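K.L.:
One structure, as structure tokens, below. Some questions next.
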Amino acid sequence: MPSIDRRTLLKASALFAGAYSVGLAAASRFPAFASPQPIMLEALRTDAQLAEAAPTKGIMTYGRDGMPPILRAKKGQPFFAQLKNALDEPTTIHWHGVRVPNAMDGVPFLTQPYIYTGDSFDYRFAPPDAGTFWYHPHCNTLEQMGRGMTGLLIVEDPDDPAFDAEIAVNLRDWRLGGDGQFIEQFKPRDAAKSGTYGTLRTVNWQREPQYDAPAGGLARLRLVVTDVTRIFTFKLEGAEAQVIAIDGNPVPQRFALDTLMIGPGQRLDLAVRMPDTEGAAATLIDVRGSTPKTVLTLRATGASLKRAFGDLGPLAANPVAAADLSAAEEIPLALSATAENRKPSGFCGDIGYTFWAINRTPWSGDSPDPTAPLAEMKLGKSYVLNLANPTPHLHPIHLHGMSFTVVSSSIGPVQPFVTDTYLIRPDEKVKLALVADNPGDWVFHCHVIEHQKTGMAGYFRVT
Ligand code: C2O
Ligand code: CU
């Protein structure tokens with residue numbers, strides 16, 4: 001790690017001390033629980049066969065089985081994962097979409113110190129919401145995520161309707177050369193536009209896999225876009241599908257999937273009615289971009305179960321407080337472009353450019369010297385984020401620690417989705433409402449990681 005001067009370090013530790021006490025206070029609001037056996041997660045480097053050419057060297061992942069494990073937790077029940085850092089650099093884990101106490105949020109400097117090589121950190125929380133979530137580092141994020149550290153976390157609700165099959169899918173690309181080895185993680189000119197795309201697409205670290213599900217049955221497909229850049233437009237051919245949840249939260253009204261755009265950080269839960277004939281296949285495709293790409297296929301097995309969407313009971317709504325719109329304070333937030341070439345600070349994989357900003361202030365989301373918060377929120381009060389995207393690019397904007405409801409958009413009517421990541425279109429203006437019910441400093445950033453790392457980040461302070 002490049003050297004950090006003492007003054008910056010002192011500033012960092014002072015800031016950290018402040019943030020940490022907020023975190024501890026937050027933790028006490030959550031129920032105390034008996035200690036379950038920890039899930040052991042070891043961050044390490046390894047090789048893995050991704051491309052045909054050769055095993056890729058220098059993969060970064062959790063554990064020795066290739067893809068990071070798909071973790072499972074139960075709504076409201078204690079979850080305990082112990083992260084051991086066997087990398088040669090610091091790391092942390094952020095639990096994307098899970099409303100954790102601030103001290104468990106995994107943002108270096110803001111919520112916890114670096115986890116250095118050889119050190120461990122205990123992540124303990126009781127996830128309040130059921131649904132499809134995921135986990136990833138929040139330090140040297142572009143490289144650590146780009147090299148593999150993106151895993152799924154499924155939070156189950158004992159009252160979830162029964163499906164005949166469940167398939168969880170980790171969607172991500174890799175930037176590999178023809179020899180199957182990593183090439184540069186980003187190109188500055190692309191970071192200043194829609195981001196640098198991978199060269200190899202994978203689904204659960206495989207190329208175009210096929211999964212089996214009972215013929216005529218109802219399969220739950222949990223799609224998680226963990227890629228640092230790619231936005232998908234999903235379409236299913238050969239079977240009917242209904243959208244049942246977006247970003248972990250059940251949709252207010254289920255609807256048939258026609259095409260749906262889902263960006264980095266986001267999740268889409270589909271109920272798929274499998275074809276009745278044994279051997280028949282349904283294909284999930286990505287129709288964004290000039291040539292449609294097969295994502296995966298689902299193959300029907302056995303005699304038809306003859307199920308219908310109507311057999312599926314509702315998913316229970318998550319306990320996200322509804323904002324009081326009549327009393328809500330509005331917070332204007334404008335995404336913008338800036339351009340500046342500067343010396344990397346050495347913190348958390350700073351990549352040395354500033355291309356983006358929120359309210360004209362660029363920040364990378366994980367440096368020890370954050371500027372002032374984007375806004376200070378009073379615990380328990382309602383707010384409306386008035387978000388505008390005057391840039392010509394899409395931005396999947398993600399908020400840590402709290403979920404928000406999409407109230408309205410300049411583009412057209414919206415369902416009141418509850419989410420943690422909103423994919424804002426070029427020239428769109430959107431109103432996002434929330435109750436500031438989780439104390440601490442919460443990062444708000446674009447999940448095209450190059451956009452985050454080159455300035456499109458800020459944070460809210462809830463006290
Ligand atoms: Cu997946 Cu800061 O987030
Ligand atoms: Cu962006």
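K.L.:
Limited to the stretch 410-425, what total is found for residues that are part of a loop (DSSP other than H, G, I, E, B) and touching a strand residue (DSSP E or B) at 6+ places or on another chain (Cβ under 9 Å)? Walk me through it before giving the result.
P.N.:
The initial filter retains those residues of the stretch 410-425 that are part of a loop (DSSP other than H, G, I, E, B), namely 410-411, 413-417, 420, 425.
Narrowing the set further to residues that are touching a strand residue (DSSP E or B) at 6+ places or on another chain (Cβ under 9 Å) leaves 410-411, 414-417, 420, 425.
Summing the residues that are part of a loop (DSSP other than H, G, I, E, B) and touching a strand residue (DSSP E or B) at 6+ places or on another chain (Cβ under 9 Å) in the stretch 410-425 gives 8.
K.L.:
Quick check on Asp420: is it touching an Asp or Glu at 6+ places or on another chain (Cβ under 6 Å) and within 16 Å of ligand 2 (Cβ to nearest atom)? First the steps, then the outcome.
P.N.:
On the way: touching an Asp or Glu at 6+ places or on another chain (Cβ under 6 Å): yes; within 16 Å of ligand 2 (Cβ to nearest atom): yes.
Here the answer is yes, as Asp420 does meet what is asked.
K.L.:
Find the residue count for the stretch 339-355, including only residues that are open to solvent by less than 10 Å² (accessible area, probe 1.4 Å) and either part of a loop (DSSP other than H, G, I, E, B) or within 18 Å of Met145 (Cβ to Cβ) (or both). Working first, answer last.
P.N.:
Taking the stretch 339-355 and keeping what is open to solvent by less than 10 Å² (accessible area, probe 1.4 Å), we get 348, 352, 354.
Then drop every residue that is not either part of a loop (DSSP other than H, G, I, E, B) or within 18 Å of Met145 (Cβ to Cβ) (or both), which leaves 348, 352.
Count: 2.
K.L.:
Which of the numbered conditions does Thr283 fail, given that it passes all the others? Conditions: (1) under 19 Å from His395 (Cα atoms); (2) at pLDDT 95 or above.
P.N.:
Failing condition for Thr283: (1).
K.L.:
Could you please find all residues in the stretch 361-397 being in contact with a Lys or Arg (Cβ under 8 Å, 6 or more places away or on another chain), part of a strand (DSSP E or B) and either free of Cβ contacts under 8 Å to residues at least 24 places away in the same chain or more than 14 Å from ligand 2 (Cβ to nearest atom) (or both)? Break it down stepwise before answering.
P.N.:
First pass over the stretch 361-397, keeping only residues in contact with a Lys or Arg (Cβ under 8 Å, 6 or more places away or on another chain): 364-365, 368-369, 373, 375-377, 384-389, 393-394.
With the extra rule that they be part of a strand (DSSP E or B), the set shrinks to 375-377, 384-388.
Of everything in the stretch 361-397, those that are in contact with a Lys or Arg (Cβ under 8 Å, 6 or more places away or on another chain), part of a strand (DSSP E or B) and either free of Cβ contacts under 8 Å to residues at least 24 places away in the same chain or more than 14 Å from ligand 2 (Cβ to nearest atom) (or both) turn out to be Ala375, Glu376, Met377, Val384, Leu385, Asn386.
K.L.:
Can you name every residue in the stretch 392-408 that is within 22 Å of the chain's Cα centre (by Cα) and of a type in the set (Ser, Thr, Tyr)?
P.N.:
We begin by selecting, within the stretch 392-408, every residue within 22 Å of the chain's Cα centre (by Cα); these are 393-407.
Scanning the stretch 392-408 gives Ser403, Thr405.
K.L.:
Would you call Val435 free of Cβ contacts under 8 Å to residues at least 24 places away in the same chain and either more than 16 Å from ligand 1 (Cβ to nearest atom) or surrounded by fewer than 22 Cβ atoms within 10 Å (Cβ to Cβ) (or both)? Before the answer, list the steps.
P.N.:
Working: free of Cβ contacts under 8 Å to residues at least 24 places away in the same chain: no; either more than 16 Å from ligand 1 (Cβ to nearest atom) or surrounded by fewer than 22 Cβ atoms within 10 Å (Cβ to Cβ) (or both): yes.
No.
K.L.:
Six or more apart or on different chains, Cβ under 7 Å: which pairs go from a residue in the stretch 191-203 that's among the hydroxyl-bearing types (Ser, Thr, Tyr) and open to solvent by less than 10 Å² (accessible area, probe 1.4 Å) to one that's more than 16 Å from ligand 1 (Cβ to nearest atom) and part of a loop (DSSP other than H, G, I, E, B)? Could you list them?
P.N.:
Within 7 Å, the pairs are Thr196/Phe186; Thr196/Lys187; Thr202/Leu50.
K.L.:
Another one. I'm trying to understand the selection: among the residues of the stretch 140-176, which are closer than 30 Å to Ala337 by Cβ and open to solvent by 20 Å² or more (accessible area, probe 1.4 Å)?
P.N.:
Asn140, Glu143, Arg147
K.L.:
Please find, within the stretch 444-463, the residue that is surrounded by the most Cβ atoms within 10 Å (Cβ to Cβ) out of those that are under 19 Å from the mean Cα position of the chain (by Cα) and away from ligand 2 (no atom under 14 Å from the Cβ). Give the derivation first.
P.N.:
Filtering the stretch 444-463 for residues under 19 Å from the mean Cα position of the chain (by Cα) gives 444-460.
Now restrict to residues that are away from ligand 2 (no atom under 14 Å from the Cβ): 459-460.
On the way: Tyr459: 26, Phe460: 24.
Selected residue: Tyr459.
K.L.:
If I go through the stretch 98-123 residue by residue, how many of them are out of contact with any helix residue (DSSP H, G or I) (no Cβ under 7 Å at 6 or more places or on another chain), open to solvent by 10 Å² or more (accessible area, probe 1.4 Å) and of a type outside the set (A, V, I, L, M, F, W, C)? Can you show your working first?
P.N.:
So the first thing to find is which residues in the stretch 98-123 are out of contact with any helix residue (DSSP H, G or I) (no Cβ under 7 Å at 6 or more places or on another chain), and the list is 98-100, 104-108, 114-122.
Restricting the remaining residues to those that are open to solvent by 10 Å² or more (accessible area, probe 1.4 Å) gives 99, 104, 114, 116-122.
When the remaining residues are screened for being of a type outside the set (A, V, I, L, M, F, W, C), the result is 99, 114, 116-120, 122.
Number of matching residues: 8.
K.L.:
Right, something else. Can we say Ser304 is open to solvent by less than 40 Å² (accessible area, probe 1.4 Å) and closer than 16 Å to His445 by Cα?
P.N.:
On the way: open to solvent by less than 40 Å² (accessible area, probe 1.4 Å): yes; closer than 16 Å to His445 by Cα: no.
When the stated conditions are applied, Ser304 does not pass them.
K.L.:
So, restricting to strands (runs of 3 or more DSSP E) that lie completely within the stretch 83-139, which ones have at least 2 residues that are farther than 25 Å from Gly346 by Cβ and more than 15 Å from ligand 1 (Cβ to nearest atom)? Steps first, please.
P.N.:
Values: elements: 94-96, 120-125, 131-136.
Per the criteria, 120-125.
K.L.:
Which of the strands (runs of 3 or more DSSP E) found entirely inside the stretch 233-291 contain at least 1 residues meeting this: out of contact with any strand residue (DSSP E or B) (no Cβ under 9 Å at 6 or more places or on another chain) and surrounded by fewer than 22 Cβ atoms within 10 Å (Cβ to Cβ)? Lay out the reasoning, then the answer.
P.N.:
Numbers: elements: 240-246, 249-256, 260-262, 267-273, 281-286.
The strands (runs of 3 or more DSSP E) meeting that bar are 249-256.
K.L.:
I need every pair where a residue in the stretch 255-271 that is free of Cβ contacts under 8 Å to residues at least 24 places away in the same chain and within 16 Å of ligand 2 (Cβ to nearest atom) has its Cβ under 8 Å from the Cβ of a residue that is open to solvent by 40 Å² or more (accessible area, probe 1.4 Å) and of a type in the set (Ser, Thr, Tyr), sequence separation at least 6 or different chains.
P.N.:
none
K.L.:
Going through Leu379, Leu374 one at a time, which residue ends up being of a type outside the set (Gly, Ala, Ser), open to solvent by 40 Å² or more (accessible area, probe 1.4 Å) and within 16 Å of ligand 1 (Cβ to nearest atom)?
P.N.:
Only one candidate passes the filter, namely Leu374.
K.L.:
Residues that are modelled with pLDDT under 95, more than 16 Å from ligand 1 (Cβ to nearest atom) and over 30 Å from Pro128 (Cβ atoms): does the stretch 313-329 have at least one?
P.N.:
no
K.L.:
Right, next: Does Asp441 satisfy the criteria of being of a type in the set (D, E, K, R), within 16 Å of ligand 1 (Cβ to nearest atom), at pLDDT 95 or above and more than 21 Å from Asn341 (Cβ to Cβ)?
P.N.:
Working: of a type in the set (D, E, K, R): yes; within 16 Å of ligand 1 (Cβ to nearest atom): yes; at pLDDT 95 or above: yes; more than 21 Å from Asn341 (Cβ to Cβ): yes.
The answer is yes for Asp441.
K.L.:
Also, I was wondering about something else. If I filter the stretch 382-419 down to residues being polar (S, T, N, Q) and in contact with a Leu (Cβ under 8 Å, 6 or more places away or on another chain), which single residue comes out as nearest to ligand 1 (Cβ to nearest atom)?
P.N.:
We begin by selecting, within the stretch 382-419, every residue polar (S, T, N, Q); these are 382, 386, 389, 391, 403, 405, 408-410, 415, 419.
If we keep only those that are in contact with a Leu (Cβ under 8 Å, 6 or more places away or on another chain) too, we end up with 382, 386, 389, 391, 403, 405.
On the way: Ser382: 23, Asn386: 21, Asn389: 18, Thr391: 20, Ser403: 13, Thr405: 19 Å.
Filtering first and then ranking leaves Ser403.
The values are calculated or read from the model by the stated rules, or taken from the named source; none is laboratory data. The structure displayed is predicted, hence computed values, not measured ones. Methodologically, a virtual Cβ is constructed for each residue, glycine included, from the backbone with ideal geometry; neighbour enumeration extends over all protein chains shown. Quick note on the areas: whole protein, heavy atoms, side chains included, nothing else; ligands and nucleic acids left out. Shrake-Rupley method; radii C 1.70, N 1.55, O 1.52, S 1.80 Å.
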